[in-house]
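J.: First the structure, then my questions, so here it is.
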Amino acid sequence: MIYSVKGMRDILPPSSTIWNEVEAAARRVFARFNYREIRTPVLEETALFARGVGEETDIVSKEMYTFEDRDGSSLTLRPENTASVLRAYIEHRLDQQPGLQKLYYLGPMFRRERPQKGRYRQFYQIGAEAIGSDSPAVDAEVIELVVALLHEVGIHDFQLLINSVGSKESRAKYNEALRAQLKDVAPRMCVDCRRRAETNPLRVLDCKVPEDQPIIEQLPSILEFLNDEDREHFERVREFLDDRDIAYTVKPRLVRGLDYYARTTFEITHGALGAQNAILGGGRYDGLAELLGSRVPAPGIGFSIGEDRLVMAVEEGKTLAAASLDLYIAPMGDAALRHCAVLAGDIRKLDVSVEVGTDRKLKRMLELANKLAARYTLIVGDNEIVSQSYSLKDMATGEQETLNRQALLEHLAKSR
């Protein structure tokens, strides 16, 4: 027997219904904020992520699915989508389009990390990017969108964490201070932190090892190293959030796990997810477009929601029921089966769900109608074909009424 690959899974009914509802809700919210959908390939040149995400990140150094194509080129299954969206933005000269480019996406990403609750090797993200402005007002609007999206799917008890990681100049000074302080404490930290202390000290703050947290809490705060421009930008973001009555907590050691972030970073956590409680994260990435080869500056900000974890939070406390069926048709014989196939086609045009039985025995078909939670049943035999008159049974009340074909269609259309 062949099983699914480790860390990858099948999404089955009735859970798939929740997935569809979440995605539909996301599309509604994106439309309100004037975002349009972009679909990028799941395969990209490896250099895109090595350059954009960062050579020293865990994603690039440990987790990417990378392979050599037949022509010798190196390809990678996308581990995230911001770099792909920026690549498409540059390649297709979207900077020539009028106004801010506001793009959203939904789809699978791939990282070879240890599978755990809500975290898979093929996972799904809902995300958005606002490209073409460095205004703090855009940062606040993106966060407002995120909050609106969570409310739309019924999640309210979450916590918004924000920070600023400053510009390149501010981070350079901060990295210097971090490297100096880590020199004495890094030997007591995990293997990854010891390496990061040398290669990219900022990544130490993103460590999730519990034993390292007391040490990390004693490290300097990046907020102490922001230059005047970066400090003003962060203050303006907070003012815009305050104006919207969006509650937040400033978390000075929130850096996120990717090298391209600059200035505003944010994360939302939700208690229903346990220890691994981050449901989404995002931030500003001014300079990423230039890093990927753009000659035109394209400051931007975006976020990605782990859809697997979002659906888990939506399902928390909700009893999932199998989707009910509007109508089950039980044909009696081959002639009736042909007749019912056509009849079912006409009924489906009314946006009514229909199942046509194929069993030879009426008892089995009626038992199946019950198991499928059919709202109505229709038994069709030779008499019904000749008279074009049908006996429709309400499965909840047991009541039956006889209707001609047109009356049947009208009744089913009204009962939707």
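The values are calculated or read from the model by the stated rules, or taken from the named source; none is laboratory data. Since we're looking at a predicted model, the values are computed, not measured. Cβ atoms come from the backbone with ideal geometry, glycine included; neighbour counts cover every protein chain shown. When the accessible area is computed, the model is the full protein with side chains, heavy atoms only, and any ligands, DNA or RNA have been set aside. Shrake-Rupley method; radii C 1.70, N 1.55, O 1.52, S 1.80 Å.
J.: With (1) within 24 Å of Ser15 (Cα to Cα); (2) acidic (Asp, Glu); (3) touching a strand residue (DSSP E or B) at 6+ places or on another chain (Cβ under 6 Å) as the list, and Glu384 as the residue in question, which single condition is left unmet?
T.: Result: Glu384 passes all but (1).
J.: Report yes if Glu37 is closer than 24 Å to Val138 by Cα and open to solvent by 50 Å² or more (accessible area, probe 1.4 Å), otherwise no.
T.: Values: closer than 24 Å to Val138 by Cα: yes; open to solvent by 50 Å² or more (accessible area, probe 1.4 Å): yes.
Here the answer is yes, as Glu37 does meet what is asked.
Results for (1) open to solvent by less than 40 Å² (accessible area, probe 1.4 Å); (2) among the small types (Gly, Ala, Ser); (3) farther than 26 Å from Val314 by Cβ; (4) not in a strand (DSSP E or B), shown as yes or no for each residue.
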position: Met8; (1), (2), (3), (4): no, no, no, yes
position: Arg28; (1), (2), (3), (4): no, no, no, yes
position: Ala47; (1), (2), (3), (4): no, yes, yes, yes
position: Val60; (1), (2), (3), (4): yes, no, yes, yes
position: Thr76; (1), (2), (3), (4): yes, no, yes, no
position: Val85; (1), (2), (3), (4): yes, no, no, yes
position: Pro98; (1), (2), (3), (4): no, no, yes, yes
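J.: Something else about it: When you go through (1) touching a residue at least 60 places away in the same chain (Cβ under 8 Å); (2) farther than 30 Å from Arg263 by Cα; (3) outside any helix (DSSP H, G or I) one by one for Gly302, which number turns out not to apply?
T.: Condition (2) is where Gly302 drops out.
J.: Would you mind stating whether Lys208 is open to solvent by 20 Å² or more (accessible area, probe 1.4 Å) and at pLDDT below 85?
T.: On the way: open to solvent by 20 Å² or more (accessible area, probe 1.4 Å): yes; at pLDDT below 85: yes.
So Lys208 passes the test.
J.: Would you pick out the residues in segment 102-131 that are crowded, with 21+ Cβ neighbours inside 10 Å and over 19 Å from the mean Cα position of the chain (by Cα)?
T.: Ile131
J.: Now for a separate question. Find all pairs meeting these conditions: Cβ atoms under 9 angstrom apart; at least six residues apart or on different chains; first residue within segment 237-252 and of a type in the set (Phe, Trp, Tyr); second residue surrounded by 12 or more Cβ atoms within 10 Å (Cβ to Cβ) and assigned to a loop (DSSP other than H, G, I, E, B).
T.: Going by the 9 Å Cβ cut-off, the qualifying pairs are Phe240/Ile246.
J.: One residue is enough: does segment 344-364 have a residue meeting the conditions closer than 20 Å to Arg405 by Cβ, of a type in the set (S, T, N, Q) and at pLDDT 90 or above? Walk me through how you get there before you give the answer.
T.: Start the filter on segment 344-364 by keeping residues that are closer than 20 Å to Arg405 by Cβ, which leaves 344-357.
Of the ones still in play, those that are also of a type in the set (S, T, N, Q) are 353.
Now drop any that are not at pLDDT 90 or above, which leaves 353.
So far as segment 344-364 goes, yes, one or more of its residues are closer than 20 Å to Arg405 by Cβ, of a type in the set (S, T, N, Q) and at pLDDT 90 or above.
J.: Got at least one residue in segment 94-101 being of a type in the set (D, E, K, R), modelled with pLDDT of 95 or more and on the phi < 0 side of the Ramachandran plot? It would help to see each step written out before you state the result.
T.: Looking only at segment 94-101, we keep the residues that are of a type in the set (D, E, K, R), and these are 95.
Within this subset, residues satisfying the condition of being modelled with pLDDT of 95 or more are none.
Taking every residue of segment 94-101 in turn, none turns out to be of a type in the set (D, E, K, R), modelled with pLDDT of 95 or more and on the phi < 0 side of the Ramachandran plot.
J.: Look at Ser16 and say whether it is at pLDDT below 90, part of a helix (DSSP H, G or I) and open to solvent by less than 90 Å² (accessible area, probe 1.4 Å). Steps first, please.
T.: Values: at pLDDT below 90: no; part of a helix (DSSP H, G or I): yes; open to solvent by less than 90 Å² (accessible area, probe 1.4 Å): yes.
So Ser16 does not fit the description; no.
J.: Looking at segment 317-403, what strands (runs of 3 or more DSSP E) fall wholly within it and have at least 1 residues that are among the polar types (S, T, N, Q) and surrounded by 13 or more Cβ atoms within 10 Å (Cβ to Cβ)? Show your work before the answer.
T.: Values: elements: 325-331, 354-356, 374-380, 389-394.
Correct list: 374-380, 389-394.
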